[in-house]
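Below is one structure, written out as structure tokens; comments come after it.
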Amino acid sequence: YLNYNILKYFENKSKFALVFLFNNYILVMNKIFMQVPDEYGCGFYRAKSPAINCFSELSKEGCYIDYNRDLTSDEIGYSSYIFHRVPSESLTFHIDMLKQKGKKIVMQLDDDIWSIPDWMPSEERNYWGLDKALDLADQIWVSTERLKKKINRPNTKVLPNLIDTNFFPRLAPKDDPIRIMWCGGRSHEKDLEMLIEPINKLLMEYGNRIQMVFWGYIPTGLLDFYRVPGTMQAMVKPKAEYGETVWYLEGLPFRNFYDKLSQIRPYIALCPLVDCEFNRCKSNLKFLEMVAASSACIASNIEPYKCIEHGRDGLLVDNSPESWYNAIKLLIEDRDLRDSIANNSYEKVYSEYSWQSSKKNLWVDAFKSLI
């Protein structure tokens, strides 16, 4: 930030003078450290994407955001620090030290860590570390109103997950077969159970006219298991009788997610969620991603998907096999309804849940509050 002329002026002066000028300039700079918790969705939507999309507005205010996985020292002199999810004991200690130095601390949370079901695999049941960090935080940023109520602290702000629709150009109509997709990780086994019966029924009914794609995980009820010779390990693949009508795609680095999703181009996207407190605190992010890829979405009729206007920009269903079967069958049969839902939901996401919408100002204002 020191231009060539200033450096030229000081080249024969004392080093002390140059250091004095540099340090005083840094003191009036507003520098925010944004921790990137992982290289998956959370790291992208709650750290990298906000920092990138708000950079221009914040730079006009003399504010710079540095986002990174690790923070090893305080030597660069950040004025504020934003951390995510459940911190380790060592990081909690570090946060305490930063607080004692007068730094502003923000804790971000996008899941109800206190309500993780026993059937869900998770390594984040460290309530002590989280509660300690929340006590130290000047501000707490969460993704949903329900999560804000659960935390019940006056310094909590709701900053919604937003999607950049520039990554998803509007796609031309697709060819057969009708592709139906679910996308997610291993924590969704219970959510997927409600889909096994209706999917089996639809595959028998429509055969090669439809294609079911599971990306990241596939429910146990649709799998065959094969032992790896000479080991106790097993390999999995969709049952042989499905042929090419059921695909399983392994997860991949998030940096490739948008490109792959645009290549798959699902007609219909499924968003099932078991009705439990943990899921009620989730955001509608899966709906946003699938809609941006020009899909018509069917979702469980629980809180994260109350943004959907049933029949106009999506279908809401009760968590019963019969309801899921009827909803999927309706969109398979009615192309006009499918295309109408896809178009209407894309317009909704663009105008209400994207970085191109006015919701961006919520993030910009939150960052400015740290200046």
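The values are calculated or read from the model by the stated rules, or taken from the named source; none is laboratory data. A quick note: this is a predicted structure, and the numbers were derived from the prediction, not measured. Please note: Cβ atoms are built from the backbone with ideal geometry, for glycine as well, and neighbour counts cover all protein chains shown. The accessibility values were calculated without ligands, DNA or RNA, using every heavy atom of the protein model including side chains. Shrake-Rupley method; radii C 1.70, N 1.55, O 1.52, S 1.80 Å.
Quick notes
- Amide H contacts of LYS31: TYR64, SER79, SER80, each under 5 Å away and 5 or more positions distant or on a separate chain (H built 1.01 Å from N in the peptide plane; Pro and chain starts excluded).
- Extension gain for the segment ASP339 to TYR64, taken as residue separation times 0.36 nm less the Cα-Cα distance, is 94.7 nm to one decimal.
- Inter-site label distance for PHE225 and SER88 at 7 Å from Cα along Cβ, in nm: 3.3 nm
- A cut-off of 5 Å between modelled amide H atoms, ignoring neighbours fewer than 5 places along the same chain, links LYS237 with ASP224.
- Assuming charge only on the beta carbon of Lys and Arg (+1) and of Asp and Glu (-1), the dipole of the chain about its Cα centre is about 1200 debye to the nearest 20.
- For the pair MET97 and GLU57 in one chain, pulling the backbone fully straight at 0.36 nm per residue adds 11.4 nm over the alpha carbon distance.
- Rounded percent of accessible protein surface that carbon and sulfur make up, the chain, 1.4 Å probe: 51 percent
- For the stretch 239-349: rounded, prolate or oblate by the Cα gyration tensor [a/c cutoff 1.5]: rounded
- Excluding ligands, DNA and RNA, the accessible surface per residue across the chain is 50 Å² with a 1.4 Å probe.
- Normalised by the number of residues in the stretch 99-249, the average gap of Cα pairs under 8 Å and 6 or more apart makes the relative contact order 17 percent.
- Couplings 3J(HN,Hα) of the stretch 299-310, computed from phi: 9, 5, 7, 10, 3, x, 10, 5, 5, 7, 8, 4 Hz, in residue order, whole Hz [Karplus 6.51 cos²θ - 1.76 cosθ + 1.60, θ = phi - 60°; x for Gly and Pro].
- For HIS188, the accessible surface of its heavy atoms amounts to roughly 40 Å² (probe 1.4 Å, protein chains only, rounded to the nearest 10).
- Here r is the Cβ-Cβ distance between MET235 and ASP131 and R0 is 41 Å; the resulting FRET efficiency, rounded to 0.05, is 0.50.
- Rounded Å value of the spacing that divides the Cα centres of the stretch 184-228 and the stretch 287-357: 20 Å
- For the stretch 73-118, trypsin sites (Lys or Arg not before Pro) are listed when DSSP marks them as loop and at most 14 other Cβ atoms sit within 10 Å of their Cβ; the list is LYS101.
- The stretch between ASP365 and ILE151, if pulled fully straight at 0.36 nm per residue, gains 74.9 nm over its current Cα-Cα span.
- Per residue, the average separation of C-alpha pairs within less than 8 Å and at least 6 apart gives the chain a relative contact order of 15 percent.
- Contact order normalised by residue count of the stretch 169-286, Cα under 8 Å, 6+ apart, percent: 33 percent
- For the stretch 312-371, the set of trypsin sites (Lys or Arg not before Pro) satisfying both a DSSP loop assignment and a count of at most 15 other C-beta atoms within 10 Å is given as ARG312.
- Over the chain, equivalent-ellipsoid semi-axes from the Cα gyration tensor in Å: 44, 23, 20
- Applying a threshold of 23 Å to the alpha-carbon distances of LYS132/LYS306; LYS48/LYS360; LYS201/LYS260 flags LYS132/LYS306; LYS201/LYS260 as lying beyond it.
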